[in-house]
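Bear in mind that the values in this text are calculations on the coordinates, not laboratory data. Because the structure is predicted, anything quoted here is derived from the model rather than measured. Cβ placement follows ideal geometry from the backbone for every residue including glycine, while neighbour counts extend to all protein chains displayed.
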Amino acid sequence: MQLILLGLPGAGKGTQAALLAQRLGLLHISTGDLFRAAAAEGTDLGKRAQEYMSKGELVPDEVTINMLLERIARPDAAEGIMLDGFPRTIPQAEALDVALDGQGRQIDGVLYIQVPEDLLMARLTGRWNCPSCGAIYHELTSPPKASGKCDKCGADLTQRADDRPETVSTRLGQNRAWTEQLADFYEKQGKLRPVDGTGEPAEVTTRLLEQIDQVSAGMGKA
């Protein structure tokens, strides 16, 4: 089974991908991990990717696709894959379809974790750090006892630039554009499966597994 997990930042995509892959015996592949592993192994593709990353440039689709195909050709991918963070564009999705078809594979299902934007903002902007002792807090899941103060040392909490509302809003806007384009692309293929991403993580996992069961059942009829 070849699956893709879609979702905006804060939707819990990375966490769910890792949980599902472990539970189902699938290989969890995120492009960030893929690039780092290939660079560490010193493969030709890894070296090429590293050249672009060291310059702060995007790794070309051709390199990324070939790196992905090289990875999924290994024995630990035989039971299937869970892609997290790839594809990010329509050209990447089209190239992935062509490349997988050449290996006699295809994407079987695309799970789209959907979360209201106000909740995404709360999740992504709620993190605060103590500059003195390094403690980390979150307004939703682990708030400090006194607002703005560290429980451990009493120092004023600070927020990273990446966690500030204006930065998060821009990031969500950028990601929303390509995520919605991909969702439309896979919906036209009949592979998109929207999943409610609100509630406790375990509840979301259950909903995702229900959709995966339907994907599996559909494969059996094909």
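Observations on the model:
- The modelled label-to-label distance between ARG23 and GLN159, using points 7 Å beyond Cα along the C-beta direction, is 3.3 nm.
- Gap separating the Cα centres of the stretch 130-151 and the stretch 55-120, nearest whole Å: 37 Å
- HIS138 versus LEU209: modelled label distance in nm, points set 7 Å from Cα along the beta carbon direction: 2.2 nm
- Ordered by the number of other Cβ atoms lying within 10 Å of each residue's own Cβ, fewest first, VAL59, VAL115 fall into the sequence VAL59, VAL115.
- Ellipticity estimate at 222 nm from DSSP helix runs (n ≥ 4, -39,500 (n - 2.57)) divided over the chain, nearest 500: -16500 deg cm²/dmol
- Label zone at SER169 (point 7 Å along Cα-to-Cβ), backbone N below 18 Å, the stretch 89-125: 116-125
- Among ARG176, ARG164, ARG74: highest mean-square fluctuation, GNM of the chain, C-alpha pairs under 10 Å: ARG74
- Candidates LEU120, LEU100, LEU192, ranked by Gaussian network fluctuation over the chain, Cα under 10 Å, top entry: LEU100
- Highest average packing first - 205-211, 102-108, Cβ atoms within 10 Å: 205-211, 102-108
- Ranked by the mean number of other Cβ atoms within 10 Å of their residues, highest first, the peptides 41-48, 154-161 come out as 41-48, 154-161.
- Going by neighbour counts of Cβ atoms within 10 Å, the residues HIS28, HIS138 line up, fewest first, as HIS138, HIS28.
- Correct choice for Rg/Rh (Cα atoms, Kirkwood Rh) that was computed from the model, options [x] 1.43; [y] 1.12; [z] 1.01: [z]
- If you take all other residues with their beta carbon under 15 Å from the beta carbon of PHE35, and give Lys and Arg +1 and Asp and Glu -1, the sum is -3.
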